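The values are calculated or read from the model by the stated rules, or taken from the named source; none is laboratory data. All values derive from a computational prediction rather than experimental measurement. All Cβ positions, glycine included, derive from the backbone under ideal geometry; neighbour counts span all protein chains shown.
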C-alpha cells in the first residue's frame with residue numbers, strides 16, 4: 001500500500017505500481033515512460049526532492065520503500081521519462097527541439113500533466129501556474145501550435161498527439 005503522501009483519487013486498496021499504471025494509461029506521454037523496472041525507492045534523496053529521473057542512466061528514484069511509495073510521484077517521473085523518449089525519437093520535431101534544454105519548461109509540462117492525471121492541484125510550495133506560464137512565454141511564446149499564443153496545455157496537447165502516434169507504432173493496443 002502506498003503512503004499518506006498520495007493525494008489522488010485512486011483507491012487505496014491497490015498497490016503503488018497499479019496506481020501508477022492506472023494514472024499513466026490516461027496519457028500517451030506517461031504510458032511511453034512507464035517502466036517499473038526503471039524504478040527504485042530510496043530514503044537518500046535530499047529533503048526537498050521527492051523523486052528523480054536520471055536521464056543518463058534511464059533510472060527513476062522516489063522516496064519510500066518498495067511497499068510504501070507515492071505512485072503520483074512515480075507517475076511524475078514516468079512523464080519525464082516519456083518526454084525524454086520523445087526527444088530521442090523525434091530530435092527534429094520543431095516543438096520538442098524548442099523545449100529541449102529548458103528544465104523549467106519540462107517541469108511545467110510534467111507538473112501540469114501529472115496533476116491532471118492524479119486529479120490534484122499544485123501545492124503551495126510549487127511554482128504558481130502564472131509563474132510557469134511567464135517562464136514559458138519568455139522562452140517559447142512564438143511556438144506555432146495553430147493558435148495565436150501557445151500555452152502549456154497547448155504544448156501538452158501537441159506532445160500527447162505525437163506520443164499517441166509513437167505508442168500506436170511501438171505498443172499496438174496501447175492507450176491513445
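The rows are residues; the columns are (1) within 17 Å of residue 153 (Cα to Cα); (2) in contact (Cβ under 8 Å) with a residue 24 or more places away in the chain; (3) surrounded by fewer than 14 Cβ atoms within 10 Å (Cβ to Cβ).
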residue	(1), (2), (3)
25	no, yes, no
31	no, yes, no
62	no, no, no
65	no, yes, yes
72	no, yes, no
message = For segment 95-106, which positions are free of Cβ contacts under 8 Å to residues at least 24 places away in the same chain and assigned to a helix (DSSP H, G or I)?
response = 97, 103
Matching helices (runs of 4 or more DSSP H) fully within segment 1-90 where at least 2 residues are farther than 23 Å from residue 103 by Cβ and modelled with pLDDT of 90 or more = 16-24
task = Working only within segment 74-94, note down all residues that are farther than 18 Å from residue 35 by Cα and either surrounded by fewer than 16 Cβ atoms within 10 Å (Cβ to Cβ) or out of contact with any helix residue (DSSP H, G or I) (no Cβ under 6 Å at 6 or more places or on another chain) (or both).
result = 91, 92, 93, 94
